[in-house]
Ligand code: SAM
C-alpha cells in the first residue's frame with residue numbers, strides 16, 4: 001500500500017519526537033515542538049544529545065524535503081501528532097479546532113472580507129490549527145496575529161506557522177490583559193469557555209459579571225471587538241447556550257450597542273460527543289459609519305457534514321445569502 005505524504009510526515013514527526021522525548025526526558029508534545037523546530041531550522045538544536053541520537057535524527061530528517069509538501073499536508077500531519085500527544089493529557093479548553101470547523105470559518109472569512117489584504121487576529125490561537133486552516137484557504141495577503149496564554153501551545157503554534165511558512169506574529173500572554181497590537185479587520189477565535197479567575201482584570205470590561213467571576217468567553221468577545229476596526233468582522237466558535245446563561249442579558253445589551261449580528265451557523269450536534277457541548281459559529285460586524293445590517297442574518301443549521309447532498313443544499317443557500325446581502 002502506498003503511503004500518503006501526510007502519513008510520511010506523521011511518521012517522521014512521531015518517530016523523532018519519541019526519540020527526543022526519551023533523550024530529553026520531556027513530554028511527547030514538548031519533544032514534538034523540538035523536532036518541528038529542528039526540521040524547520042535544518043539542524044539539530046538540542047546540545048545535550050548523544051552522538052548516536054544525533055546520527056539517528058539526522059538520518060530521519062534527511063529523508064524528508066519539506067518543500068515537496070503542501071501546507072495542508074504539513075498542517076494535517078502536525079495536527080495528527082498533536083492529537084496523539086493530547087491524548088496523554090487532555091484539557092477540554094485546549095482542544096484543537098477540528099478541520100471541518102476551520103474549513104467553514106475559512107470559507108466565511110473569504111466571503112465576508114472582500115479586500116485583497118487585511119489583518120487577522122486569533123486571540124486564542126492554541127496550536128495554530130484553526131488559524132493555519134483559515135490562512136491556507138485564503139488567496140489574499142493576510143498579516144496574522146495570534147495570542148495564547150499557554151507556553152507549550154504557543155510553541156506548537158510557532159513551529160506550525162514556521163513549517164507552513166506563514167509569517168504569524170505571536171504573543172505569549174493573557175489575551176484579556178492589554179494587547180499591544182494595531183486594530184485588525186478580522187478576528188477568528190475558538191473561544192475558551194468558562195470563568196475567568198482574575199476579577200481585577202475583569203473589572204476593566206463592560207461584560208464583567210455583576211457578582212462573582214466573569215465569563216472568559218464574554219470578555220474575549222469584548223476584547224476582540226475593541227481591537228477590531230469599525231466595519232470589521234469577527235468569527236467566534238461559541239457554545240450553543242451563549243444567549244441562555246444568567247449573564248446573557250448583559251451580552252445582548254452589549255451586542256446592541258457595539259455590533260451587528262451577521263450570522264449564526266449551528267454546527268451539527270453529531271460532531272460533539274455530548275449534546276450540551278455542541279457549538280455554533282457566530283459572525284459579528286463591528287458597528288461604524290456606513291455599516292448596514294443585513295436584510296436578514298444568515299441563519300443556518302448545518303446538517304451532518306458527511307451528508308454531501310444536504311451540505312450542497314446549505315452551500316447553495318449560503319451563496320444565495322451572500323449574493324443578496326454582500327453582492
Ligand atoms: N483554535 C485553537 C487551535 O486550533 O489549536 C484552539 C483554541 S482552544 C479551544 C482555546 C485556547 O484559548 C486554548 O489554547 C487556551 O489555552 C487559550 N486561552 C484560554 N484562556 C486564555 C487567555 N486568558 N488568554 C489567552 N489564551 C487563552
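Taking the square roots of 5 times each eigenvalue of the Cα gyration tensor of region 274-325, largest first, gives ellipsoid semi-axes of 26, 17, 6 Å. Which of the three applies to region 187-298, rounded, prolate or oblate, going by the alpha-carbon gyration tensor with a ≥ b ≥ c and a/c under 1.5 meaning rounded? Oblate.
Each peptide in 9-18, 208-217, 30-39 gets a packing score, the mean of other Cβ atoms within 10 Å over its residues, and the list from highest to lowest is 30-39, 9-18, 208-217. Rounded to the nearest 10 degrees, the angle from helix 51-62 to the longest Cα principal axis of the chain is 60 degrees. For region 1-143, what is the Kirkwood hydrodynamic radius in Å, using each pair of distinct C-alpha atoms? Value: 16.7 Å, from the Cα pair sum.
Helix 71-88 and the long axis of the chain differ in direction by around 90°, with both axes built from C-alpha atoms. A Gaussian network model of the chain, with springs between Cα atoms under 10 Å, assigns the largest mean-square fluctuation among 73, 185, 244 to 244. Using a simple spin-label model with pseudo-atoms 7 Å out from Cα toward Cβ, residue 201 and residue 80 lie 3.6 nm apart.
Here the extension length gained between residue 243 and residue 22 equals 74.8 nm, from 0.36 nm per residue of separation less the Cα-Cα distance. Using a Förster distance of 22 angstrom, determine the FRET efficiency expected from the C-beta separation of residue 59 and residue 165, and round it to 0.05. Approximately 0.35, to the nearest 0.05.
Centroid-to-centroid, using Cα positions, region 192-258 and region 294-327 are 27 Å apart. Between residue 311 and residue 107, residue separation times 0.36 nm minus the direct Cα-Cα distance comes to 72.1 nm. May I ask for the angle, rounded to the nearest 10°, between helix 99-112 and the longest principal axis of the chain, with both axes built from Cα atoms and the value confined to 0 to 90°? Result, in degrees: 50. If the elastic network links every pair of Cα atoms under 10 Å, which of 41, 137, 258 fluctuates the most in the Gaussian network model of the chain? Among 41, 137, 258, the largest mean-square fluctuation in the Gaussian network model of the chain belongs to 41. Convex hull of alpha carbon positions in the chain: directionally averaged projected area 18.7 nm². When the chain is treated as a Gaussian network with alpha carbon springs shorter than 10 Å, the biggest mean-square fluctuation among 164, 79, 91 belongs to 91.
We did not get these values from a lab; they are worked out from the coordinates using the rules stated. These figures come from a predicted structure and were not determined experimentally. Ideal geometry is used to build each Cβ from the backbone, glycine not excepted, and the neighbour counts take in all protein chains shown.
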